[in-house]
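No value in this document is a laboratory result; all are computed from the given coordinates. The structure presented is a predicted model; accordingly, all values stated were derived computationally and were not measured. Methodologically, a virtual Cβ is constructed for each residue, glycine included, from the backbone with ideal geometry; neighbour enumeration extends over all protein chains shown.
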Amino acid sequence: MALIDLANPSRFRALADRVLPWLGVATVVAFAFGLKQAYFAPDDYQQGATVKIMFVHVPAAWLGMMAWGLMSLAALGTLVWRHPLADVAAKTAAPLGAAFTLLCLVTGSLWGRPMWGTYWVWDARLTSELVLFLMYLGVIALWRTIDDPGRAARAAAVLTLVGALDLPIIKFSVDWWNTLHQPASVFRVGGSTIDASLLMPLLIMAIAFTLLFFTLHLAAMRNEIMRRRVRTLLMMQADAAGGR
Amino acid sequence: MELGIDLGPHAAFIVSAYGFAVLIVTAMTAWIVVDHRRQARSLAELEARGATRRSERTARVSGESMPGT
């Protein structure tokens, strides 16, 4: 199957049917391995056992940003190339991105209380992450407000591309401003500052969460394709009944 | 809190974080599974009533396979 064939929603749906079971199994295996690693990971010399929260918090933060990045690419697909699956991909990524961003915010608060002495502080990293969550809610609301999927896709695409400006702000907020949140410690010039005994479980959990995201996203895209087919058939039936 | 390992004085925060993660993952999965069942049922009902796209009817008459939405 050529890549261009996947632009056809029926062929994409057939491919999703074949790929989803394998992705599901890979996700479960990755989580089993990652959780075992997280369980046996040693305590951090400063954070103690609360470092285990990082194995959920950090992947959730990455995925919250990755989902918006994916939506931004899809927005270009909608506005520039009018790709038939681009708005399906964007629409279905939004609730997943919102869920991962919420998970990041909540687990961050649960880590912050024992480590910083507070659940929340209005520093640049936390605030820009909260803005990302609110933008997700805005995009989801926009999709639900406009009935016509084509018009909703174009409006959401514009909002998504404007909102993409928040991604570099989140990433570099810890460098540009004086924040309570620690600077980058995994992906940074000069290599990771995390000990291998803690970095490995973190990376394996990140792989597991990423596999989970793609499994859920593919399944949600398949659902959306089916929903649009149902909508088309209902409209055709209504037209036929009206023309009688 | 007994989990086979000592989570120290902040065990409640760690367990709450993992509990919330389980809740979010379960909610996302359940939403997608339920939505899939609902869409599949709607499609099956419509197709049982003979609803198809014009392009599919044309393809069926001429014996071609139709890859439409």
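Tabulated results
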| quantity | calculated |
| --- | --- |
| Cβ-derived FRET efficiency at R0 30 Å, residue A:13 paired with residue A:237, nearest 0.05 | 0.90 |
| Reachable lysines, given that their alpha-carbon falls under 17 Å from the alpha-carbon of residue A:36 and they are not under 8 places away in the same chain | A:52 |
| Residue of A:226, A:135, A:54 that the Gaussian network model of chain A assigns the largest fluctuation, springs spanning Cα pairs under 10 Å | A:226 |
| Euclidean distance between Cα centres, the range A:173-244 to the range A:1-70, Å | 9 |
| At R0 = 30 Å, FRET efficiency that the Cβ-Cβ distance of residue A:39 and residue A:180 yields, to 0.05 | 0.55 |
| Solution diffusion estimate, µm²/s, Stokes-Einstein, the range A:184-244, Kirkwood Rh from C-alpha pairs, 4 °C, viscosity 1.567 mPa s | 83 |
| The range B:1-50 - Rg over Rh from alpha carbon coordinates, Kirkwood radius | 1.44 |
| The range A:194-225 residues near the modelled residue B:33 label - backbone nitrogen below 19 Å, point 7 Å along Cα→Cβ | A:209, A:211-224 |
| MRE, 222 nm, helices only [DSSP H, n ≥ 4, -39500 (n - 2.57), over chain A, to nearest 500] | -27000 deg cm²/dmol |
| Measure of compaction for the range A:74-224 (Cα Rg per 2.2 N^0.38 Å) | 1.18 |
| C-alpha long axis of helix A:86-116 to longest principal axis of chain A, angle in ° | 20 |
| Reduced Cα scattering model of the protein assembly as shown, Debye log10 I(q)/I(0), q = 0.14 Å⁻¹ | -1.11 |
| Within a Gaussian network of chain A (alpha carbon springs, distance under 10 Å), most fluctuating of A:174, A:162, A:51 | A:162 |
| Coordinate range along principal axes, alpha carbons of the range A:1-159, Å, largest first | 53, 37, 21 |
| Given 10 as the ceiling on other Cβ atoms within 10 Å, longest exposed-site-free region of chain A for chymotrypsin sites (Phe, Trp or Tyr not before Pro) in DSSP loops | A:46-121 |
| On Cα atoms only, tilt of A:9-40 relative to the major axis of chain A in degrees | 10 |
| Förster radius 45 Å - calculated FRET efficiency between residue B:47 and residue B:15, Cβ distance, rounded to 0.05 | 0.40 |
| Fraction in percent of alpha-carbon pairs per bin - 10 Å, the range A:16-106 | 15, 30, 34, 15, 6, 0 |
